[in-house]
Amino acid sequence: MELKDIKKVLILGAGTMGQHMHGYHVTFYDISDKILNHSIKRIEKLGSSFFVPAHRITIEQLKEIMGRITATSNPADAAKDADLISESVPEDPQIKAKVFAQFNELCPERTIFTTNTSLLMPSKFAGATGRPEKLIALHFHDVRTTNVVDVMPHPGTDPAVIEVVHDFAVSISQIPIMLHRENNGYVFNAMLSSICTAALTLVTTGVASVEDVDRAWMGVMRMPIGPFGMMDQMGLKTVWHVNDYWAHNTQDIPAKQIQVNADFLKLYVDRGELGAKTKKGFYAYPNPEYANAEFLSGKVKK
Ligand SMILES: NC(=O)c1ccc[n+]([C@@H]2O[C@H](COP(=O)([O-])OP(=O)(O)OC[C@H]3O[C@@H](n4cnc5c(N)ncnc54)[C@H](O)[C@@H]3O)[C@@H](O)[C@H]2O)c1
C-alpha cells in the first residue's frame, strides 16, 4: 500500500484525542451514538471557535471537512473500506487488544492499524490485533497547539507500513518524529516527563516551592511557563495517572520517590483541582500567577 491508496480513515474512540481533523474521508466509531453526536459537535466547535479564528482553516474548509466526516456505532459499517485506523480508545491494553481483534475481523486485509497510546508498547498487544505487521503507533500531541506526531514501530512492523504512515503524517500537515525502536513516552513526552519528575521531586523533598521551581525554569530558559504551569495545562489527573503507573512499572528511577510524587499529585486530583481545565491546579486560572509580569522577580506571593 502507498499513500495514494489511503482514502478512508477510521477513528476508533471519539473522546478527547479522537478528534484530530484530516484531509481524508473520516469515519468515527464509538460505543454509542450519543458519544458520537457529542464528539461531532465538539469537532465543529473546535473548528469554528479555534481553527478558523486562528486562520489555520477557512470557514469554507471547515464546512468541507465536516462534510467528509461520518460517524457510526455499527462496527461493520465503520470498518468497510477503511484504509487506515487511528485508535484512541481508553488506555487499557485489554480494551485496545479487544477492539483491534474485533476490527481485524471486519476490516479489509490492507487496512493499517495505528494506535495513539500514550504509555503502552504496541508490541504488548500486537499479537492480539491479528495483523502485527500492520500495527504501528501514530501518537498525536495537542492538535490545537502542535503539529508533531510520533511514528513508532514495534519489532514486527513491516518497514513498508512505517513508510506509508510517515507519508500519511506529512499529508495531514504533521511533523513526523520517527522512532527507531519502542520507547516509553516516545520522544517529546520522554523528555518532558524527566523535567516534570525532577520538578515534582524538588517540591516533594522540600527543596523549593512550586513557584520557585517554575521561576528557575522560566528565568533561565526565558520561557513563558515552567514545569508546574505545564502540568496544569496537561491536566493533573493525567499527570498523576502517568506517575502512579511509573511508580509501579519502572526500574530506572527509584519507584518510592515517584510514588511520593504521585501521592502529592493525588491530593490535587482528590480536591478536583485538575489544572487549567478546572480553573485550579498548582495555579488559579484564567490569570495564573506565572503569567504576571512580576512573577519572575518573586514579588508576587501566593
Ligand atoms: N488525552 C490526551 O491528552 C492524550 C494525548 C495523546 C494520546 N492519548 C491517548 O488516546 C487514547 C484515548 O485517550 P482519551 O484521552 O481520548 O480518552 P477518552 O476517555 O476521552 O476517550 C476514549 C473513547 O473511547 C471510547 N471507547 C471505549 N471503549 C470503546 C470500544 N470498545 N470501542 C470504541 N470506542 C470505545 C469511549 O467511549 C471514549 O469516547 C489513550 O490511549 C490515551 O493514552 C491521549
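The values are calculated or read from the model by the stated rules, or taken from the named source; none is laboratory data. Just so you know, these numbers come straight off a predicted model, no measurement behind them. Because the Cβ atoms are built from the backbone with ideal geometry, glycine has one as well, and the counts that use them run over all protein chains shown. The area values use the complete protein model at the heavy-atom level, side chains included, leaving out ligands, DNA and RNA. Shrake-Rupley method; radii C 1.70, N 1.55, O 1.52, S 1.80 Å.
Taking (1) within 14 Å of the ligand (Cβ to nearest atom); (2) open to solvent by 10 Å² or more (accessible area, probe 1.4 Å); (3) of a type outside the set (A, V, I, L, M, F, W, C) in turn, H180 satisfies each apart from (1). Looking across the stretch 104-136 at every residue that is touching a Pro at 6+ places or on another chain (Cβ under 7 Å) and near the ligand (Cβ under 10 Å from one of its atoms), the one that is least open to solvent (accessible area, probe 1.4 Å) is identified as T115. For K96, are the conditions met, namely being buried (at least 19 other Cβ atoms within 10 Å of the Cβ) and either within 15 Å of the ligand (Cβ to nearest atom) or assigned by TED's automatic domain parsing to the domain that holds L46 (or both)? Yes. Within the bounds of the stretch 19-32, is there any residue that is touching a helix residue (DSSP H, G or I) at 6+ places or on another chain (Cβ under 9 Å), open to solvent by less than 40 Å² (accessible area, probe 1.4 Å), more than 27 Å from A160 (Cα to Cα) and charged (D, E, K, R)? The answer is yes; a qualifying residue exists. Number of residues in the stretch 137-161 that are buried (at least 17 other Cβ atoms within 10 Å of the Cβ), more than 30 Å from P53 (Cα to Cα) and either among the aliphatic types (A, V, I, L, M) or touching a His at 6+ places or on another chain (Cβ under 6 Å) (or both) equals 3. Restricted to the stretch 71-93, and to residues there that are within 22 Å of the chain's Cα centre (by Cα) and polar (S, T, N, Q), the residue that is least open to solvent (accessible area, probe 1.4 Å) is S86. Checked against (1) surrounded by fewer than 20 Cβ atoms within 10 Å (Cβ to Cβ); (2) under 27 Å from F51 (Cα atoms); (3) over 17 Å from the mean Cα position of the chain (by Cα), F168 passes all but condition (1).
Could you list, in sequence order, all residues of the stretch 214-233 that are of a type in the set (A, V, I, L, M), outside any loop (DSSP other than H, G, I, E, B) and open to solvent by 80 Å² or more (accessible area, probe 1.4 Å)?
Just the residues of the stretch 214-233 that are of a type in the set (A, V, I, L, M), to begin with: 216, 218, 220-221, 223, 225, 230-231.
From what is left, the residues that are outside any loop (DSSP other than H, G, I, E, B) are 216, 218, 220-221, 230-231.
Selection gives V220, M221.
Among the candidates D83, D142, D92, the residue that is touching a residue at least 24 places away in the same chain (Cβ under 8 Å) and either at negative phi or out of contact with any Gly (no Cβ under 6 Å at 6 or more places or on another chain) (or both) is uniquely D83. For the stretch 83-93, residues that are touching a Phe, Trp or Tyr at 6+ places or on another chain (Cβ under 6 Å) and either more than 14 Å from the ligand (Cβ to nearest atom) or assigned to a helix (DSSP H, G or I) (or both) total 1.
From the set of residues in the stretch 30-54 that are assigned to a loop (DSSP other than H, G, I, E, B) and at pLDDT 90 or above, which is farthest from V99 (Cα to Cα)? If you could, list the steps in order and put the result at the bottom.
Initially, the stretch 30-54 is screened for residues assigned to a loop (DSSP other than H, G, I, E, B), giving 30-32, 52-54.
Next, from what is left, pick out any that are at pLDDT 90 or above: 30-32, 52-53.
Details: D30: 11, I31: 11, S32: 14, V52: 34, P53: 36 Å.
Ranking the qualifying residues of the stretch 30-54, first place goes to P53.
Do we have A208 as assigned to a helix (DSSP H, G or I), open to solvent by less than 60 Å² (accessible area, probe 1.4 Å) and not basic (K, R) here?
Numbers: assigned to a helix (DSSP H, G or I): no; open to solvent by less than 60 Å² (accessible area, probe 1.4 Å): yes; not basic (K, R): yes.
So A208 fails the test.
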